[in-house]
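First comes the structure, then the notes that go with it.
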Amino acid sequence: VILYVRGSFVPDSQAVISVLDRGFLYGDAVYETVRSAGGKILFWSDHEQRLHHSAHLLGIDIGPGSPDPLAILKELLGRNDLADARLRLVVTRGAGDRDQLTGFVPSWVVLCEPFTPPGEEFYAAGIRAVRVATVRNAVASLNPEIKSCNLLNNSLARREAIARDAQEGVMLNPQGFLAEGAFSNLFWVDAGGRLSTPALSVGILPGVTRQKVLLVARRAGLTVREVEARPEELDAAREIFLTSTSWEVLGVTTWNGSPVGDGREGARARSLRAALRRLYDEPGESR
Ligand SMILES: Cc1ncc(COP(=O)(O)O)c(C=O)c1O
């Protein structure tokens, strides 16, 4: 495949970056994972806004004079002859004076790979998730709102989950409230049928998919709560599901080793995924 590295479109075998780049040395970089479907970048303006927000919080300058990310994404789709793809846009601080923190020119890198969502059987079966001991970064340490390439917190949580034969690990925040998955946002349906998700105030990534699922759920007239909740709430949940750009809406059918509901995907997850997919085609949502 063809990738984009610092101004050039190159085959992946030639896509290289300096070892002096702070993205490599420190994870000092921001990123977005986006999808295209039928050649359109899904929810682009939301991803673009979050990219700018992340860069702003780290003081990485992606203002005027920077590359046009949407143009690069489109160019990559064209050069790779792909309509349905997953693309990863990375902007590092670049290389510079490590003591004075000056002289940086951000490095823009965009990866691209073919992507088709998993089939209905995968969604019907759902996945196993566990509560992990790894605690989500404190807001005052490394704000989870920043979508940064410093992903060790997430990676440790995912490793813990895999070691326990699960596909995703759910982290608590330092105060013991439910936060999010290693690479996904968390939702559940309680015994009363209310849809719940951790509030942004808990200290989580403001997922684009999370926001869109909240939108379609409210439009459908569901009762939705954004809450600071204890993990015990999940043990009593009728349905649990996770959201992300890649997974869309994916049911957790085994929670900490026990079946959730009847052990198959729940009705809420299924209908919200369908509603999310309909949103892709709404004017203004995809570019
Ligand atoms: C920690 C974390 N939470 C949530 C998400 C889901 O975010 P989005 O829906 O924007 O893909 C991700 C995506 O990678 C993530 O890394």
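The values are calculated or read from the model by the stated rules, or taken from the named source; none is laboratory data. If you're wondering where the values come from, they're calculated on a predicted model, not measured in any experiment. The accessibility values were calculated without ligands, DNA or RNA, using every heavy atom of the protein model including side chains. Shrake-Rupley method; radii C 1.70, N 1.55, O 1.52, S 1.80 Å.
General observations
- Hz values of 3J(HN,Hα) by residue in the stretch 242-249 - Karplus curve (6.51, -1.76, 1.60), Gly and Pro given as x: 10, 10, 6, 4, 7, 7, 6, 10
- Taking a quarter of the surface of the Cα convex hull of the stretch 143-287 gives a mean projected area of 8.9 nm².
- The residues of the stretch 225-287 have, on average, 47 Å² of accessible surface per residue, using a 1.4 Å probe with all protein chains present.
- Using the Karplus relation 6.51 cos²θ - 1.76 cosθ + 1.60 with θ = phi - 60°, the per-residue 3J(HN,Hα) values for the stretch 217-222 come to 5, 5, 4, 7, x, 6 Hz, with x marking Gly and Pro.
- Here the stretch 9-100 exposes an accessible surface that is 49 percent carbon and sulfur, computed with a 1.4 Å probe and the other protein chains kept in place.
- Karplus-derived HN-Hα couplings along the stretch 113-118 (A = 6.51, B = -1.76, C = 1.60, θ = phi - 60°), whole Hz, x at Gly and Pro: 8, x, 8, 10, x, x
- Global form of the stretch 1-78, assessed from the alpha-carbon gyration tensor, a/c cut-off 1.5: oblate
- Axis angle, to the nearest 10 degrees, between helix 267-280 and the longest C-alpha principal axis of the chain: 30 degrees.
- Potential lengthening between Ala133 and Phe115 on full extension [0.36 nm per residue; Cα-Cα distance subtracted]: 3.3 nm
- Think of a 1.4 Å ball rolled over the protein heavy atoms: the stretch 24-144 then has 48 Å² of accessible area per residue.
- Here is the size of the stretch 1-132 from its Cα atoms: Rg then Dmax, 16.6, 54 Å.
- Bridge type composition, the chain - antiparallel percent by DSSP, nearest 5: 80 percent
- DSSP bridge pairs, the stretch 194-287: antiparallel proportion in percent, nearest 5: 65 percent
- Carbon plus sulfur fraction of accessible area for the stretch 134-286, probe 1.4 Å, in percent: 50 percent
- Using alpha carbons only, the radius of gyration of the stretch 214-287 set against its Kirkwood radius gives Rg/Rh = 1.01.
- Cα-based shape type of the stretch 85-162, given that a ≥ b ≥ c are square roots of the gyration tensor eigenvalues and the cut on a/c is 1.5: oblate
- Over the chain, the hull volume per residue, using the convex hull of the C-alpha atoms, is 136 Å³.
- Spatial offset of the stretch 132-151 relative to the stretch 197-267 amounts to 20 Å, using the alpha carbon center of each.
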